[in-house]
Amino acid sequence: YNSISTFVESPFFTSSDSALYTILHACRFLIPSLVTEAAVRKHRLIQINLSYVYYSLAKVSRLLEGYKTARSCYEKLAQLKVQNKWAEEIDLGSLLVRSKPYSDKQTILPICNRCLMENPVISEKDSCFSCKHPFVMSFVSFEVLPLVEFRVEAGISHAKVMELLNS
């Protein structure tokens, strides 16, 4: 793209990997929250434009070699009303990403900490598609925190639980 430094009309965008991953994870967090009207009312995210989220995710995914995700974003953008100044760039990006492999680099795929399955970047639910364990996001970097819920069986002492956790 011609103007990577002016990412989504922001003069503060940098192309460092940590910033790109933060944008990727933030978009992953927003999409499930914006796809249903009930979620919009629940989280009061009415002022966030879904086309900005998909546009950002498409650009970041291409930079991080997430070509499958970028294709999905461009397909969604084709269904949404976007700004005229983005139309040519979206069309060009869509064509360029079709020349790339239909896969995402493993480093951008979220991994479930419960079943260790790789999940797609874009999902309508904020949980593992395999075991349905919910993802808990950090609000610093929007990465999935390595939290796994478990329950202690009745009859196990506190000391034994602590011993098992430390092993």
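The values are calculated or read from the model by the stated rules, or taken from the named source; none is laboratory data. Predicted model only: the values in this text are computed from it and were never measured. Glycine gets a Cβ as well: all are built from the backbone with ideal geometry, and neighbour counts include every protein chain shown. With ligands, DNA and RNA removed, areas are computed over all heavy atoms of the protein, side chains included. Shrake-Rupley method; radii C 1.70, N 1.55, O 1.52, S 1.80 Å.
Looking only at the stretch 129-140, decide whether some residue is small (G, A, S), on the phi < 0 side of the Ramachandran plot and at pLDDT 90 or above.
Yes - at least one qualifying residue is present in the stretch 129-140.
Kindly check whether there is at least one residue in the stretch 31-47 that is of a type in the set (S, T, Y), under 14 Å from the mean Cα position of the chain (by Cα), at pLDDT 90 or above and assigned to a helix (DSSP H, G or I). Walk me through it before giving the result.
Initial filter on the stretch 31-47 (of a type in the set (S, T, Y)): 33, 36.
Pick out the ones that are also under 14 Å from the mean Cα position of the chain (by Cα) and you get 33.
From the residues that got through so far, the ones that are at pLDDT 90 or above too are none.
No - not one qualifying residue is present in the stretch 31-47.
Can you confirm whether the stretch 54-72 contains a residue that is without any contact (Cβ under 8 Å) to a residue 12 or more places away in the chain and open to solvent by less than 90 Å² (accessible area, probe 1.4 Å)? So that I can check it myself, show each step before the final result.
To start, the set of residues in the stretch 54-72 that are without any contact (Cβ under 8 Å) to a residue 12 or more places away in the chain comprises none.
No, because not a single residue in the stretch 54-72 is without any contact (Cβ under 8 Å) to a residue 12 or more places away in the chain and open to solvent by less than 90 Å² (accessible area, probe 1.4 Å).
I'd like to verify a number: residues in the stretch 73-118 that are in a loop (DSSP other than H, G, I, E, B) and either farther than 30 Å from L145 by Cα or without any contact (Cβ under 8 Å) to a residue 12 or more places away in the chain (or both), how many?
Step one: list which residues in the stretch 73-118 are in a loop (DSSP other than H, G, I, E, B), which gives 80-83, 98-103, 105, 109-110, 112-117.
This time we only want the ones that are either farther than 30 Å from L145 by Cα or without any contact (Cβ under 8 Å) to a residue 12 or more places away in the chain (or both), so: 80-83, 98-100, 116.
Residues meeting the conditions: 8.
Kindly indicate the residue of the stretch 7-23 that is at pLDDT below 55 and in a loop (DSSP other than H, G, I, E, B) and also most open to solvent (accessible area, probe 1.4 Å) among those meeting that condition.
Of the stretch 7-23, the ones at pLDDT below 55 are 7-13.
Next, from what is left, pick out any that are in a loop (DSSP other than H, G, I, E, B): 10-13.
On the way: S10: 38, P11: 102, F12: 174, F13: 28 Å².
Restricting to residues being at pLDDT below 55 and in a loop (DSSP other than H, G, I, E, B), the top hit is F12.
Taking the stretch 150-167 on its own, how many of its residues are in a loop (DSSP other than H, G, I, E, B) and surrounded by 12 or more Cβ atoms within 10 Å (Cβ to Cβ)? First the steps, then the outcome.
So in the stretch 150-167, the residues in a loop (DSSP other than H, G, I, E, B) come out as 150-157, 167.
From what's left, surrounded by 12 or more Cβ atoms within 10 Å (Cβ to Cβ): 152.
Qualifying residue count for the region: 1.
Report yes if A26 is at pLDDT 90 or above, open to solvent by less than 20 Å² (accessible area, probe 1.4 Å), of a type in the set (G, A, S) and under 15 Å from the mean Cα position of the chain (by Cα), otherwise no. Spell out the reasoning first.
Details: at pLDDT 90 or above: yes; open to solvent by less than 20 Å² (accessible area, probe 1.4 Å): no; of a type in the set (G, A, S): yes; under 15 Å from the mean Cα position of the chain (by Cα): yes.
Considered against the rule, which asks whether it is at pLDDT 90 or above, open to solvent by less than 20 Å² (accessible area, probe 1.4 Å), of a type in the set (G, A, S) and under 15 Å from the mean Cα position of the chain (by Cα), A26 comes out as no.
Filtering the stretch 119-149 down to residues that are of a type in the set (V, I, T) and part of a loop (DSSP other than H, G, I, E, B), which residue is least open to solvent (accessible area, probe 1.4 Å)?
From the stretch 119-149, those of a type in the set (V, I, T) are 121-122, 136, 140, 144, 148; that's our starting set.
Keeping just the survivors that are part of a loop (DSSP other than H, G, I, E, B) gives 121-122, 136, 140, 148.
Numbers: V121: 6, I122: 46, V136: 63, V140: 131, V148: 65 Å².
Ranking the qualifying residues of the stretch 119-149, first place goes to V121.
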